[in-house]
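See below for the structure under consideration.
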Amino acid sequence: MNLVVKTSTSKTAPKLTYDVLIENQPDGTVKATLLGLPDCQGLGNTETEAIEKLSQSLQTRLETAKIVTLEIEAPQVTENPWLKIAGKYKDDPQFDEMLEYIEEYRRELDEKK
């Protein structure tokens with residue numbers, strides 16, 4: 001598997017967008033949580049205040065961290081191992097009997113629910 005990490009040497013970082021979950025709390029406050037980073041939150045009396053606090057929290061966190069893009073090469077597609085045995089029992093005279101047994105057993109299990 002090939003792994004490529006892309007980093008930018010540019011001094012001006014591109015603007016990043018984040019999805020934020022906004023929740024009204026039982027005490028009347030509003031909590032903003034960054035999706036994907038549940039420990040990154042902002043709490044405020046209004047939605048705007050919660051988002052501002054979340055933004056400040058994220059900016060503080062990113063001062064000592066960085067975001068990189070990770071590219072992973074897709075694995076090579078191999079033949080499905082189940083295809084080697086697919087249809088193995090199609091001509092077995094007991095196959096239909098086995099299927100009937102399985103269906104009967106499943107019905108018994110369903111009746112026990």
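Only residues that are under 30 Å from Gly42 (Cα atoms) and of a type in the set (A, V, I, L, M) were counted in the range 60-113, giving 5. Which one is farthest from Leu37 (Cα to Cα) among residues in the range 65-79 that are modelled with pLDDT under 85 and over 22 Å from the mean Cα position of the chain (by Cα)? Ranking the candidates gives Glu79 first. Filtering the range 62-112 to residues that are small (Gly, Ala, Ser) and over 30 Å from Lys15 (Cβ atoms) leaves Ala86, Gly87. Under 8 Å between Cβ atoms, at least 6 apart or on separate chains: pull out the pairs that start in the range 53-77 with a residue that is in the same structural domain as Lys15 (by TED's automatic domain parsing) and end on any residue that is surrounded by 10 or more Cβ atoms within 10 Å (Cβ to Cβ) and part of a helix (DSSP H, G or I). So the pair list comes out empty. Among the residues of the range 25-54, those that are under 21 Å from Ile67 (Cβ atoms), small (Gly, Ala, Ser) and modelled with pLDDT of 95 or more comprise Ala32, Gly42.
For the range 41-76, which positions are of a type in the set (Gly, Ala, Ser) and closer than 17 Å to Val20 by Cα?
Narrowing the range 41-76 to residues of a type in the set (Gly, Ala, Ser): 42, 44, 50, 55, 57, 65, 74.
Selection gives Gly42, Gly44, Ala50, Ser55, Ser57.
The values are calculated or read from the model by the stated rules, or taken from the named source; none is laboratory data. Note that the coordinates shown come from a computational prediction; the quantities given were computed from them, not determined experimentally. Counting neighbours? That spans all protein chains shown, and the Cβs are built from the backbone with ideal geometry, glycine included.
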